[in-house]
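*Asks:* Here it is, the structure in full.
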Amino acid sequence: MDPGNKKPLAGCIILYNPTDSAIKNIESYLDFLNVLYVIDNTECVDEKLVKEIKLLDSKIVYVHQGENKGVASAINTGAALALSSNYQWLLTMDQDSNFLGSDFFDSWHTNINDTVGLIAASYTDKYDRWQKDYSELYNEIHFAVTSGNIINLKLWEAIGGFEEKLFIDEVDHDYCLKLRKYGFKILISKKKLMKHMVGELYDRLENGSAKSKTFILHSPLRYYYISRNVLYLCKKYFFTDFDFVICRFYYLIKTLVKILLKYPDKVVYLSFFFEGIKDFALSKYNKHGH
């Protein structure tokens, strides 16, 4: 990597039962980093695959968490390691995300100051959420997913990092809300720079006909975290960001209706969904079943 006037950049990727595709994804951004922390949440590690990842480059630092501690814990681990090595900026990646070229890394540092808490690479051309023009390259936005972000580590430390008790869903919303609460900006690229998977595609026949409709489907367990964590954030931000609360509660209702009308194995999905509501009422967080 030619440093030029670029800021030193660390990175972290979260692994959980990864496949060989994780290697190709890492290769799409490894050359642009000074160090990559590979944070492995897998309980039973694939030693062969881990060896292949380690052999990609000497800049890779492999950390096995010993168990699945969730997205928030993994990012916090990578952020703490980067900060202890005097990095001020950290790229956060999921194992199924990759970059489409070098554009993001060629320009991410342009016109960036200490008011910017997060710079995100867009993975879609269609955003239905609030955006405000910031510069030639970026829009300001309210929220960004945790993959494909370059986060300001000074601000990560100042706001208390990612909320580990949420484990997975709504971790991104909570972090962005904390940044915005203190007046820090969240930026996103104006063009699509990254590929990112959001769940799995599911084809459903409409009204028994040959016509099908595709939508995103997560595993049933994810709906436990969705219901529990959405309600937690609605409670947490009820008095400070009521517009967000209304939007997320509406999302939760839509999710329930979608399960009832469209999902396969409705009983399984509903059991996890309502278990999440129960654990919210009991203030039971962290990993499901613990």
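The values are calculated or read from the model by the stated rules, or taken from the named source; none is laboratory data. In this text, all values refer to a predicted model and were calculated from it rather than measured experimentally. We place every Cβ from the backbone using ideal geometry, glycine too, and count neighbours over all the protein chains shown.
*Asks:* Could you please tell me which pairs satisfy a Cβ distance under 8 Å, a separation of 6+ or placement on different chains, a first residue in segment 270-290 that is closer than 16 Å to LYS69 by Cα, and a second residue that is of a type in the set (A, V, I, L, M) and part of a loop (DSSP other than H, G, I, E, B)?
*Replies:* Within 8 Å, the pairs are HIS288/LEU221.
*Asks:* Considering only helices (runs of 4 or more DSSP H) fully contained in segment 86-191, which possess at least 1 residues that are under 15 Å from the mean Cα position of the chain (by Cα) and among the charged types (D, E, K, R)?
*Replies:* 171-181
*Asks:* Something else: Of everything in segment 230-257, what is surrounded by 14 or more Cβ atoms within 10 Å (Cβ to Cβ) and either within 17 Å of PHE272 (Cβ to Cβ) or among the charged types (D, E, K, R) (or both)? Give them in sequence order.
*Replies:* VAL230, LEU231, TYR232, LYS236, ASP241, ARG248, LEU252, THR255, LEU256 - these are the residues of segment 230-257 that are surrounded by 14 or more Cβ atoms within 10 Å (Cβ to Cβ) and either within 17 Å of PHE272 (Cβ to Cβ) or among the charged types (D, E, K, R) (or both).
Rundown of residues vs (1) touching a residue at least 60 places away in the same chain (Cβ under 8 Å); (2) among the aliphatic types (A, V, I, L, M), yes/no style:
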residue	(1), (2)
ARG222	no, no
ASN229	yes, no
ILE246	no, yes
LYS258	no, no
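*Asks:* Is at least one residue of segment 105-123 more than 25 Å from ASP31 (Cβ to Cβ), in contact with an Asp or Glu (Cβ under 6 Å, 6 or more places away or on another chain) and either surrounded by 22 or more Cβ atoms within 10 Å (Cβ to Cβ) or among the polar types (S, T, N, Q) (or both)?
*Replies:* No; the residues of segment 105-123 include none that is more than 25 Å from ASP31 (Cβ to Cβ), in contact with an Asp or Glu (Cβ under 6 Å, 6 or more places away or on another chain) and either surrounded by 22 or more Cβ atoms within 10 Å (Cβ to Cβ) or among the polar types (S, T, N, Q) (or both).
*Asks:* Can you confirm whether segment 4-18 contains a residue that is over 28 Å from ASP103 (Cα atoms), in a strand (DSSP E or B), in contact (Cβ under 8 Å) with a residue 24 or more places away in the chain and assigned by TED's automatic domain parsing to the domain that holds ASP103?
*Replies:* Scanning segment 4-18, I find no residue that is over 28 Å from ASP103 (Cα atoms), in a strand (DSSP E or B), in contact (Cβ under 8 Å) with a residue 24 or more places away in the chain and assigned by TED's automatic domain parsing to the domain that holds ASP103, so the answer is no.
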